[in-house]
Every structure is written in structure tokens, then in C-alpha cells.
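Since the structure comes first, as C-alpha cells, the remarks are kept for the end.
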Amino acid sequence: MKTVAVIGLVYGGLVLAGGLIGYATTGSLPSAVAGGAFGIAILGSAIAMLKGKTGGWYAALGLTAVLALFFGIRLWQGGAFMPTGLMAALSLIAVVLLVVLRRARSTGLH
């Protein structure tokens, strides 16, 4: 579960940093609030995974999937890669890694 938790820690940190960068560069308060809230929640779920709580994995997966959907829709509507497309790609990669690594662990491959 530690490798899966590391994915959550890295992704949560990127989300948190992205929200702060969005605020610093454009003054976007919604970026700061959403990035802060989602980033902290994902970091918390990763810490729960490190403590062996399966609810942490479900929380991380759900939050990451919501962000992947949100940024995917924004990318589809606007077409700009930065920062929307980057966050959509990172979110999708994080979802895939969370699922694949968890599945590999449960089947004994990891």
C-alpha cells in the first residue's frame, strides 16, 4: 500500500501547489481554494493509506477521479493545454496508477 500512498502524496502535493501557483500568477481565488481543499484532502487520504486504512484509497481515487473529470471537461470546452490539459493528464495518470498498483498488490504482483 506504500507505493499507492506515495502516488497520493505526490499527486496531492501537485494539486496543492497548482492551486497556489494559480493564485499567485492570476490572482484566482477559486484556484487557491479548490487546489488547497483537494490537495489537502488527497494528502490526508494518502496518509490514511500509509496507516493501512482502505478508506484512504477510496477517498484518493474518488477525489482524483473528480479532478480528472473536471479538468477533462474544461480541456474539452476550452482547448488550452496549460494548465487545464496538464492537470487533466496528471489526474488521469494518477487514477490509472491508483487502480493498477492497488490491483497488482491485491493479486500479489506488487
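Okay, here's what the table says:
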| read-out | value |
| --- | --- |
| Average Cα contact separation per residue, the chain, under 8 Å, 6 or more apart, as relative contact order % | 27 |
| Gap separating the Cα centres of the range 76-110 and the range 4-67, nearest whole Å | 13 |
| Amide H contacts of Ser28 (H built 1.01 Å from N, under 5 Å, at least 5 apart or other chain) | Tyr23 |
| For the chain, diffusion coefficient by Stokes-Einstein and Kirkwood Rh (Cα), 4 °C, 1.567 mPa s, µm²/s | 93 |
| Tilt relative to the chain, helix 2-26 - C-alpha long axis, 0 to 90 degrees, to 10 | 10 |
| Ascending count of other beta-carbon atoms within 10 Å, so fewest first, for Ser91, Ser106, Ser28 | Ser106, Ser28, Ser91 |
| Sorted peptide list for 38-49, 79-90, criterion being average Cβ within 10 angstrom, highest first | 38-49, 79-90 |
| DSSP-loop trypsin sites (Lys or Arg not before Pro) across the range 1-103, with at most 15 other Cβ within 10 angstrom | Lys51, Lys53 |
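Since every read-out is calculated from the coordinates, none of them should be taken as a lab result. Remember, predicted model here, so these are calculated numbers, not experimental data. Every residue, glycine among them, receives a Cβ derived from its backbone with ideal geometry; neighbour counts consider all protein chains shown.
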